[in-house]
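Remarks on the structure that follows.
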Amino acid sequence: MNITELLVDLHIRENEATARADELRNQIEYLSAALTEIEARLADLATTRKIIAELSPTGTDLYPPESSTTYQTIVNAFNQHPDQAFRARELHELLDMPTDEASVNITRSRLGRLTRQGFLTQPRRGRYQKRT
């Protein structure tokens with residue numbers, strides 16, 4: 001291979017890499033816009049839920065019943081560690097549950113519900129512990 005062929009080959013590879021970088025930039029732009037949109041939607045839904053919870057009579061169960069297995073797993077973990085306070089992510093790691101943000105947020109909701117029902121306490125913001 002002579003120098004001219006090598007330079008042509010390098011130029012072709014550079015053009016391919018540039019094209020791929022452009023594709024990835026476009027994907028990032030699209031995903032960033034989609035993420036911004038869904039985060040705004042989540043904020044709206046959270047606000048709506050809080051307003052409805054404030055307006056609803058006390059003692060009303062706003063949340064549909066979920067799998068008792070998941071709740072039982074969470075309660076069992078707190079029963080095994082009664083003096084320990086957990087963050088939602090730490091609980092996921094302890095129970096070998098997925099640690100993606102969506103799964104952890106669902107568990108945060110479950111922990112809040114268990115706190116409202118009197119099974120758990122919240123000694124510090126974001127930490128949950130078995131009620132003694």
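The values are calculated or read from the model by the stated rules, or taken from the named source; none is laboratory data. If you're wondering where the values come from, they're calculated on a predicted model, not measured in any experiment. Positions of Cβ are generated from backbone atoms using ideal geometry, with glycine treated the same way; all protein chains shown enter the neighbour counts. We work out accessible area using only protein heavy atoms, side chains counted, and drop any ligands, DNA or RNA first. Shrake-Rupley method; radii C 1.70, N 1.55, O 1.52, S 1.80 Å.
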*Evaluate E = 1/(1 + (r/R0)^6) for T115 and A40, where r is the Cβ-Cβ distance and R0 equals 25 Å; express this FRET efficiency to the nearest 0.05.*
0.35
*Evaluate the relative contact order of the chain (contact order divided by residue number), counting alpha-carbon pairs under 8 angstrom at least 6 apart; express in whole percent.*
18 percent
*asked:* Checking the a/c ratio against 1.5 first, then a/b against b/c, what shape does the Cα gyration tensor give for the stretch 1-46?
replied: prolate
*Pop out the carbon and sulfur fraction of the accessible area of the chain as a percent, whole number, probe 1.4 Å.*
55 percent
*Evaluate the Kirkwood expression for the hydrodynamic radius of the chain, namely the inverse of the mean inverse distance over all pairs of different C-alpha atoms, and round to one decimal in Å.*
19.0 Å
_Which order do you get for V75, V8 if you rank them by accessible area with a 1.4 Å probe, largest at the top?_
V8, V75
*Using the beta-carbon distance between A19 and R89 and R0 = 41 Å, what value does 1/(1 + (r/R0)^6) give for FRET efficiency, to the nearest 0.05?*
0.55
_At 1.4 Å probe radius, can you tell me the per residue accessible area of the chain in Å²?_
77 Å²
_Chain lengthening between I51 and V8 when straightened (0.36 nm per residue, less Cα-Cα)_ = 9.0 nm
*asked:* Output the 0 to 90 degree angle, nearest 10, between the alpha-carbon long axis of helix 3-55 and the longest principal axis computed from the alpha carbons of the chain.
replied: 20 degrees
*Expressed as an acute angle from 0 to 90° and rounded to the nearest 10, what is the orientation of the C-alpha long axis of helix 101-116 relative to the principal long axis of the chain?*
10 degrees
